Amino acid sequence: YSETNVSTTVKNYTYQNGVLLSMTSGTERVDFTYVGNKVNKATWYGGGALLENIYFTYTGDLLTSTLSDTSNNPEKIQYFYNNGILEKMERGFTDDNGYHQFVIHDYVYQSGNIMNRTVHYPYFGAPDLYTEYTYDTANNPFKYMNPYLRLYFAKDNSNGISANNYTEIQQYLPDFQTHYTDETIYQNNYPIDIKTRTDDGTLLIHLQIEYY
């Protein structure tokens, strides 16, 4: 949602005995299978058709990679740790010319939160994007989600890795800076309504969260 161009997305999460079985959004659905408490596979469907399977690989209790089985430039995500804490996530893909690093995320933490993130774009040679975050003290909506799924979903949004929730985001490119502020309504120490605005007050995102 934004004030100038409205686009609404609804995501529904289906659980059984506290275990996330699937997530749906529009005509897309992803089903998760497990071995013990570890996610073994994510199966994506679109319009009722199978799109791809994502396979999860572990070293001990650490998720080390996910790999797509799609025939069209299959994506591989690799996770690197320091004392068991994620410090780097690397996304790449394979084509007829071999494997390519696509995007690399470097994380720095404080008190269980990602305080800054640097995103590198080796495939395109684009400038690095550096982001600083400020947090509240409330619980993150993903607090009780399977930790391996929190890492998997971080490929699109790193907020799920942190213990708390953004209140401010400052982004830096070599010749450009942006600043965003989150206005949040809470219930039982969890966010239920978040509005992300630019410094001039423009509404960029309006996120509403329901808990069960």
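Some notes on this structure:
- Some residue of region 136-146 being within 30 Å of Phe93 (Cα to Cα) and in contact with a Lys or Arg (Cβ under 6 Å, 6 or more places away or on another chain): yes
- Scanning region 198-212 for residues that are in contact with an Asp or Glu (Cβ under 7 Å, 6 or more places away or on another chain), surrounded by 13 or more Cβ atoms within 10 Å (Cβ to Cβ) and not aliphatic (A, V, I, L, M) turns up nothing.
- Count of residues meeting criterion [in contact with a Ser or Thr (Cβ under 9 Å, 6 or more places away or on another chain), of a type outside the set (D, E, K, R) and assigned to a loop (DSSP other than H, G, I, E, B)] in region 102-141: 3
- Region 22-39, residues that are open to solvent by less than 20 Å² (accessible area, probe 1.4 Å), without any contact (Cβ under 8 Å) to a residue 24 or more places away in the chain and of a type outside the set (S, T, N, Q): Met23, Val30
- Residue match in region 96-103 (condition: in contact with a Leu (Cβ under 8 Å, 6 or more places away or on another chain) and of a type in the set (S, T, N, Q)): no
- Subset tally (residues that are surrounded by 12 or more Cβ atoms within 10 Å (Cβ to Cβ), touching a residue at least 24 places away in the same chain (Cβ under 8 Å) and not acidic (Asp, Glu)) for region 162-193: 16
- Among (1) in contact (Cβ under 8 Å) with a residue 40 or more places away in the chain; (2) surrounded by 15 or more Cβ atoms within 10 Å (Cβ to Cβ); (3) more than 22 Å from Ile104 (Cα to Cα) - the single one Val19 does not satisfy: (2)
- Strands (runs of 3 or more DSSP E) within region 20-72 that include 3 or more residues among the aromatic types (Phe, Trp, Tyr): 49-59
- Taking the criterion of being touching a Phe, Trp or Tyr at 6+ places or on another chain (Cβ under 6 Å) and under 17 Å from Tyr211 (Cβ atoms), the residues of region 160-186 that qualify are Gly160, Asn164.
- Search result, residues across region 40-81 that are in contact with an Asp or Glu (Cβ under 7 Å, 6 or more places away or on another chain), open to solvent by less than 40 Å² (accessible area, probe 1.4 Å) and of a type in the set (Ser, Thr, Tyr): Thr43, Ser68, Thr70
- Residues in region 153-184 that are in a strand (DSSP E or B) and of a type outside the set (Val, Ile, Thr): Tyr166, Glu168, Gln170, Gln171, Tyr172, Leu173, Phe176, Gln177, His179, Tyr180, Asp182, Glu183.
- So Val108, is it open to solvent by less than 30 Å² (accessible area, probe 1.4 Å) and within 19 Å of the chain's Cα centre (by Cα): no
- Within region 125-142, considering residues that are surrounded by 17 or more Cβ atoms within 10 Å (Cβ to Cβ) and free of Cβ contacts under 8 Å to residues at least 40 places away in the same chain, the one farthest from Gln177 (Cα to Cα): Phe142
- Of all residues in region 185-197, those satisfying the criterion of being under 22 Å from the mean Cα position of the chain (by Cα), over 21 Å from Val6 (Cβ atoms) and assigned to a strand (DSSP E or B) are Tyr186, Tyr190, Pro191.
The values are calculated or read from the model by the stated rules, or taken from the named source; none is laboratory data. Only a predicted model underlies this, so the values are computations on that prediction, with no experimental measurement involved. Every residue, glycine as well, gets a Cβ built from its backbone with ideal geometry; the counts of neighbours run over all protein chains shown. Ligands, DNA and RNA are stripped out before the accessible areas are found, and what is left, the full protein with its side chains, is counted by its heavy atoms. Shrake-Rupley method; radii C 1.70, N 1.55, O 1.52, S 1.80 Å.
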